[in-house]
Amino acid sequence: MMRKIFILIFLACAFLYSCSESNTAADWTKKAQKSWDGQQYKDPQKAVEYLSKAIELEPANADTYNRRGTAYYNLGDYQRTIEDDSEAIRLSPEYADAYNNRGGAYAKLGKYQEAIEDYNQAIRLKPEYAVFYNNRAVAHIKLKNNKQGCLDAQKACELGDCITLRVAQTKGFCSSETEMLPKE
């Protein structure tokens, strides 16, 4: 009798425990998102862990690869960022943010031409996103192609984000006479 009670209690506990654990890819993704502060993961290692579990359960989700790539970026693991964003792009070739994120990882590795190619794709897909132009501007300036970098920074400014243009002007990469800021 005692053995049956023990088995029932064990089964009940096992059932309750399994119900309280995250069981779906969406659950794991939500857990990872809890540490997202709008710019980066507060605990990127935990985010990688949670998103890896989500990928195990749903390996064809491009967004999850892109999110994990961002977590790797936050950890400074740019090669893994490139791998995950490449997989996101393979799964969803029109995923502009994945091109942008992979471009950022290439830039961190000093591979500015590869970064520019990815920013070109991101801009082709979403030409209204100022951040893509700003990122490409910085890559061009790093390659000492200031004219193209300043044109991209100006375009980003026209789209509402003038920070890169202002910094480039302050540092002397862009002329303040030829690259006019909109009046505020």
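For this structure, a couple of remarks:
- Any pair with Cβ under 6 angstrom, 6 or more apart, that starts in segment 101-119 at a residue that is in contact (Cβ under 8 Å) with a residue 40 or more places away in the chain and ends at one that is in a helix (DSSP H, G or I): none
- Conditions (1) closer than 30 Å to K31 by Cα; (2) in contact with a Lys or Arg (Cβ under 8 Å, 6 or more places away or on another chain): number failed by D152: (1)
- The residue list R102, R166 contains one member that is buried (at least 18 other Cβ atoms within 10 Å of the Cβ), at pLDDT 95 or above and not hydrophobic (A, V, I, L, M, F, W, C), which is R102.
- Cβ pairs under 7 Å, 6+ apart, first in segment 59-76 and under 11 Å from S92 (Cβ atoms), second assigned to a loop (DSSP other than H, G, I, E, B) and of a type in the set (F, W, Y): A62/Y95; N66/Y95
- Taking the conditions (1) surrounded by 13 or more Cβ atoms within 10 Å (Cβ to Cβ); (2) modelled with pLDDT of 95 or more; (3) not small (G, A, S) in turn, Q33 satisfies each one other than (2).
- Among the candidates D161, D152, residue that is surrounded by 23 or more Cβ atoms within 10 Å (Cβ to Cβ), farther than 21 Å from Y41 by Cβ and out of contact with any strand residue (DSSP E or B) (no Cβ under 8 Å at 6 or more places or on another chain): D152
- E49 meets the conditions (1) acidic (D, E); (2) in contact (Cβ under 8 Å) with a residue 24 or more places away in the chain; (3) surrounded by fewer than 20 Cβ atoms within 10 Å (Cβ to Cβ) in every case but one. The failed one is (2).
The values are calculated or read from the model by the stated rules, or taken from the named source; none is laboratory data. The structure presented is a predicted model; accordingly, all values stated were derived computationally and were not measured. Using ideal geometry, Cβ is built from the backbone for each residue, glycine included, and neighbour counts are taken over all protein chains shown.
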